[in-house]
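Reading through the structure tokens given below for one structure.
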Amino acid sequence: MEYFVQQLINGLTLGAIYGLIAIGYTMVYGIIGMINFAHGEIYMIGAFIAVISFIVLGAAGITWVPVMLMLVLIISMVFTSIYGWTIERLAYRPLRGSFRLAPLISAIGMSIFLQNYVQLVQGARVKPMPPVIQGGFVIMERADGFVVSLSYLQILIIVLTTVLMVGFTGLITRTELGRAQRACEQDKTMAGLLGVNVDRTISLTFVLGAALAAVAGVMVTMYYGVIDFFIGFLAGVKAFTAAVLGGIGSLPGAMLGGLLIGLIEAFWSAYFSIEYKDVATFAILVLVLIFRPTGLLGKPEIEKV
Amino acid sequence: MTAIASHANARPGLNVGAMLKEAGLTALVALALTFPLVGLRTVDVGSRLTITTRFDEVLISVLLVFVGRIGLILTREGHALPVLVVSLVVAVAAWFAPLPSEILRVITIAGAAVLAIRAVIAVRRDRSTLSQQERDRAMDRLGARVQDAAMWIGPIAVVFAIALPFMPFASRSVVDIGILILTYIMLGWGLNIVVGLAGLLDLGYVAFYAVGAYSYALLAHYFGFSFWLCLPLAGLLAAFSGLVLGFPVLRLRGDYFAIVTLGFGEIIRVVLLNWAVFTGGPNGISGIPRPSFFGIADFDRRPPEGEIAFHQLFGIAFDPMHRIIFLYYLILVLALLVNFFTMRIRKLPLGRAWEALREDDIACTSLGINRTNIKLAAFTIAAMFGGFAGSFFATRQGFISPESFTFIESAIILAIVVLGGMGSQIGVVVAALIVIGLPEAFRELAEYRMLTFGMGMVLIMVWRPRGLLAHRDPTILLHPRRSARQQQADSEAGA
Amino acid sequence: MTAVPGIPLLEVEHLTMRFGGLVAVNDVSFTAMERQITAIIGPNGAGKTTMFNCLTGFYSPTVGRLTLHRTGGPFLLERLEAFRISQQAGVARTFQNIRLFAHMSVLENLVVAQHNKLMKASAFTVAGLLGLPSYRKAEKQAVELARYWLDKVKLTKFADWEAGNLPYGAQRRLEIARAMCTEPVLLCLDEPAAGLNPRESGDLSELLIHIREEEKIGVLLIEHDMSVVMSISDHVVVLDYGRKISDGTPAFVKTDPTVIRAYLGEEEDEELPPEVKQDLPEVAEREEAP
């Protein structure tokens, strides 16, 4: 029981991170119908910028945690967004309306490029980070001394994700941008004719997705305390799986999918085998795509004849 | 044309303010991109991470972007000639001048080259960019020319490949690189069946390569089977795994299919990595037997009692090169086999159905073509060729581990197919020479290999989504060849 | 409703297709006869293309039975997989937004249409790989059939062109030729005259009459161009909002008050869709012409 609760907490934390990345996939897929294969790399860049800004801020003497965290989040989101924007501008926009696999291949190229770029400029070794937030609550204690704990960091991750999700849902459902975005999802030509700036809307979608991935990057940096240039690939595939599981194109679906994937991974590692935890994710991806390609909350697609 | 030209030339002055603003904005973006990641480098000092700064590199990159953008604007505004001259001068200067880092040199030269190409186009056409259609048509003409040339380049290339090991410059390393390139050509040709002909983006092709390699290694390890027995078995096992994996996923849409094949590729790798008792886990399998000379003789200096060695069989002096050259011919034959198969099947109903499927799968269904079976055939056949290549890889290396079968390997093979031109056999050869051959030739730039490679994929997609040399000739003609081409060309000229 | 005499080829019974809450086709029944051109007309959104998609297996109908009578049959189309509808039942179709294999040559388009036949002849590729004469002969025959249809649609000269480079009207004709190369018993055409000029639609009418008279097969035709419909059809079925509102000979349908009401609207009915209005003068013209 205690062990179970602990895994539940760990899984939820992990799931929150996956969910934030998954939103980027799902939004981009919704609006231009492509799998942004480089999105995992965006998240990795977010994590690197987080590490760099932690060190710089530390050196500058800004060590009070709330301020530091706030600044790191902002810096990371801003710079990562610029990466997201540039990638769309250079690698995807020229391919809009091209044959259907071209953007995906371009995205794979972009992903390889970014991975190697970061490796080249930041080095191939793992980057360790001293913990920023320590401590937590003890929730339960088993007779044999096994302690179920909920760290402050986990609370922060879950709270921050929830806040972002609420704010984000508001952004999509209530604002002009959200309306433009949903209009572009339905019919880009028509939206354009009605005065929606389609290019700008798509750019903003990439910027928003990148900003959320950056938040995930910051959190993962603090949570695991080590990152390297290769973390984007697996996290990307898992987040994509989350997006597909929840129903690609659906925002609540992405979050739900993220949580499920996080939980599955935590429990699988705890009760079955830690080596095969990635196989579990891939297997879910394959099974969902084969048996329920619309995901849990997605709308069915009809083959257009 | 004249209207456009006069319009371009009619622009009196240049709005310097607007130009500087545009270039400045671009430079600002470049600054934001490079400042944190290039300018601030994390390094380990003791057990702590610290930062070293490299603002000089940031500054240079930003300057390059700024100047490059100004060049682009000038080209666009009809001042292409000076831009051309300056960019050529810069390219030459960057080649010789002392620059702080090698990567900077590469970027400068590449940037200047792109600018120069654009300027040339601008000078010739009075516009700095071509429309997608014009580009396609120009590249298609190139592709057609290459295709025509392939009629005689092909045989020459084969003769050259056969003669290579006996050329005066053919050192061991040259033949080794030849083997490597041929392996990738074979893999490229194999994947071309799925991606180029059937239009299915397979991101997990390396899985079948792995199945082939491990089939041979394990069969040899546990049962002592010989290479010549295992080669067909490995192909069969890979084909079977293609069949099993393909069956559930082939009804998925294009991009989902791609992701699922990637998933399968990773599952197979993770299983190989973790099933240690059977596959040796991360340590892999070593001591994989080398191939014999068709089961008749070995390539050993001193063969075991009662057996005969290759050099004894032919009464020549022992030379370790014999085995290398034999491996070289082996992969050459395997690769040519795949090529022959593909050329042949393109003219058969199955091959035509693959291409039709790539063009429009709904129309295929309406013509009574069973999509699933056709796709499955492509997937299985390609998997079989991947399996052959895999078992060759195992016997050549003598050692395999899951490290050799990562996603990057799939991406490299895919890039060879995509860069060369989907469906183009000669394109695969050219792309393999570039992707595999160039980095081998310029070892000092090896760390930039994957970087340029990713960049190359993006650029090729943006420039020509169907790949550099993509061009297809009809597989069957009603009228004699020449007149058909001529007619089409006439109509295009008229249109 | 009047009965149109003939031997039944396709029987549609109580066909209904729902998408969520939307009923696109609502309890439609009619019979298409052998060696007749049956036209399905109706305003946009009446459910014509949806019905075609049910017939050719791209949608599986919510309710209904679709029976095709031919030797070796009858075939229940709603139970067949999409590709078997062409392969076994012999129903071929064209598409409203032309679906050619654009980067393949015109001749190749027609040879691909004979895939199943050639696949057998190549012994599922084995004989073909070995280059056996039996396969070569089959391929030659396939090319002959293709040439026959190229002549019929006046595209022989363009046989080796990329299909996507043909002008629009030629692409429409090629799509019909490709469907005919599957050697069907029923040919379903989805707006074949759309975008054609008057001369081209005249040629199309001739081609369809040829298919009926010489190939002796049934044709199912969705068309807005009333000049084509009324001049060549043997039988007209009128749909409106997914329901069948009239069924009979062209002469009957033209004068059927329900049809006139659907096209012209009732007097108090003001919100007539513009595309229906476009069709109106033609209906009126036709009525006066003979």
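Summing +1 for each Lys or Arg and -1 for each Asp or Glu, what net charge is found among the other residues whose Cβ lies under 10 Å from the Cβ of C:ALA121?
Residues near C:ALA121 contribute +3 overall.
Using Cα pairs closer than 8 Å and at least 6 residues apart in sequence, work out the relative contact order for segment B:422-482, in percent. Mind showing how you got there, number by number?
Numbers: 21 pairs, mean separation 31.5, N = 61.
It rounds to 52 percent for segment B:422-482.
If you add up the charges near C:LEU239, with Lys and Arg at +1 and Asp and Glu at -1, over every other residue whose beta carbon is less than 11 angstrom from its beta carbon, what do you get? Kindly include the intermediate steps, with their values, before the conclusion.
Details: positive: C:LYS48, C:ARG243, C:LYS244; negative: C:ASP240, C:ASP247.
Charge balance near C:LEU239 sits at +1.
Between the helical axis of C:133-152 and the dominant principal axis of chain C, each derived from Cα atoms, what acute angle in degrees is found, rounded to the nearest 10?
Roughly 30 degrees, rounded to the nearest 10.
Tell me the net charge near B:ALA363. Cut-off is 9 Å between Cβ atoms, B:ALA363 excluded, with +1 for each Lys or Arg and -1 for each Asp or Glu.
-2
Provide, in order from the shortest bin, the percent of all Cα-Cα pairs of segment B:268-408 in each 5 Å bin, continuing until the bin that contains the maximum pair distance.
Per 5 Å bin, starting at zero, the Cα-Cα P(r) for segment B:268-408 comes out as 2, 8, 13, 13, 12, 12, 13, 11, 8, 5, 3, 2, 1, 0 percent.
In whole Hz and in residue order, list the ³J(HN,Hα) couplings for segment B:159-170 that follow from phi through the Karplus curve 6.51 cos²θ - 1.76 cosθ + 1.60, θ = phi - 60°; x for Gly and Pro.
Coupling constants for segment B:159-170: 4, 4, 4, 5, 7, 3, x, 9, 5, x, 7, 6 Hz.
Rounded to the nearest Å, what's the spacing between the alpha carbon centres of segment A:37-67 and segment B:366-391? Just the number, please.
Between the Cα centres of segment A:37-67 and segment B:366-391 lies a distance of 47 Å.
Name the long-range amide H neighbours of C:GLN88: under 5 Å, sequence gap of 5 or more, or other chain; modelled H, no Pro or chain starts.
none
What number, in percent, do you get for the relative contact order of segment C:101-183 if the mean sequence gap of Cα pairs under 8 Å and at least 6 apart is divided by its residue count? Spell out each step's value before the answer.
Values: 79 pairs, mean separation 39.3, N = 83.
That works out to 47 percent.
What's the average, rounded to a whole number, of partner chain beta-carbon atoms within 10 Å of each residue's beta-carbon in A:119-132?
Working: counts 3, 7, 11, 7, 4, 1, 4, 1, 4, 5, 3, 3, 0, 0.
Mean partner-chain Cβ count within 10 Å for A:119-132: 4.
In 10 Å bins starting at 0, how do the alpha-carbon pair distances of segment C:101-183 split up by percent?
Percent of Cα pairs in each bin: 20, 48, 26, 7.
Evaluate E = 1/(1 + (r/R0)^6) for B:LEU28 and A:LEU177, where r is the Cβ-Cβ distance and R0 equals 35 Å; express this FRET efficiency to the nearest 0.05. Please list the in-between numbers first.
Values: r = 23 Å, r/R0 = 0.66.
Efficiency, rounded to the nearest 0.05: 0.90.
Please report the spacing between the Cα centers of segment A:221-293 and segment C:1-71 in Å, no decimals.
One Cα centre to the other: 46 Å.
Let me know the volume per residue of the alpha-carbon convex hull for the protein assembly as shown, in Å³.
Numbers: hull volume 252.9 nm³, N = 1090.
So the per-residue hull volume is 232 Å³.
How big is D for segment B:314-395, in µm² s⁻¹ as a whole number, if Stokes-Einstein is applied with the Kirkwood radius of its Cα pairs at 37 °C and 0.692 mPa s?
On the way: Rh = 15.3 Å.
For these conditions, the coefficient is 215 µm²/s.
Cα convex hull of segment B:2-125: mean projected area in nm², to one decimal?
Values: hull surface 35.6 nm².
If I average the Cα hull's projected area over directions, I get 8.9 nm².
Rounding to the nearest 10 and keeping the result within 0 to 90°, find how far the Cα-based axis of helix A:231-246 lies from the longest principal axis of chain A.
70
Given segment B:168-305, what whole percent of its Cα pairs are spread farther than 25 Å?
Numbers: 3771 of 9453 pairs.
The share of Cα pairs beyond 25 Å in segment B:168-305 comes to 40 percent.
Please arrange C:GLU13, C:GLU175, B:GLU359, A:GLU176 by how many other C-beta atoms lie within 10 Å of their C-beta, fewest to most. Intermediate values should be presented prior to the final figure.
Values: C:GLU13 14, C:GLU175 24, B:GLU359 21, A:GLU176 8.
With the fewest neighbours first, C:GLU13, C:GLU175, B:GLU359, A:GLU176 line up as A:GLU176, C:GLU13, B:GLU359, C:GLU175.
Count the lysine pairs in segment C:101-183 whose Cα atoms lie under 25 Å apart, taking only pairs 8 or more positions apart in sequence or on different chains.
Final tally of qualifying lysine pairs is 11.
In whole Å, what is the distance between the alpha-carbon centres of segment B:111-186 and segment B:273-288?
Cα centroid to Cα centroid, the span is 40 Å.
Against the longest principal axis of chain B, how steep is helix B:407-420, in degrees 0 to 90 to the nearest 10, with axes from Cα atoms?
Value to nearest ten degrees: 60.
Which whole-number percent gives the relative contact order of chain A, counting Cα pairs below 8 Å spaced six or more residues apart?
Details: 481 pairs, mean separation 110.9, N = 305.
Across chain A, relative contact order equals 36 percent.
Starting from the Kirkwood radius over alpha-carbon pairs of segment B:170-486, derive D by Stokes-Einstein at 37 °C in a medium of 0.692 mPa s and give it in µm² s⁻¹.
Numbers: Rh = 20.6 Å.
Value of D from the Cα-based Kirkwood radius: 160 µm²/s.
Starting from the Kirkwood Rh over alpha-carbon pairs, what translational D in µm² s⁻¹ does chain C have by Stokes-Einstein at 10 °C and 1.306 mPa s? Could the numbers behind the result be given before it?
Numbers: Rh = 20.0 Å.
Once the numbers are plugged in, D ends up at 79 µm²/s.
If you wrap a convex hull around the Cα atoms of segment C:63-131, how much volume per residue is inside, in Å³? If you can, show how the numbers build up before the last one.
Numbers: hull volume 9.1 nm³, N = 69.
Given the Cα convex hull of segment C:63-131, per-residue volume reads 133 Å³.
Based on the Cα atoms of segment A:21-230, what semi-axes does the equivalent ellipsoid have, where each is the square root of 5 times one gyration tensor eigenvalue, given in whole Å with the largest first?
On the way: eigenvalues 234, 89, 50 Å².
That gives 34, 21, 16 Å for the three semi-axes.
Using every pair of alpha-carbon atoms in segment B:96-249, split the distances into 5 Å bins beginning at 0 and state the percent of pairs per bin, rounded to integers.
2, 7, 8, 10, 11, 12, 16, 14, 8, 6, 4, 2, 1, 0
Rule-based calculations on the coordinates, nothing more; no lab input. Remember, predicted model here, so these are calculated numbers, not experimental data. For neighbour counting, all protein chains shown are included, and Cβ atoms are generated from backbone atoms with ideal geometry for every residue, glycine included.
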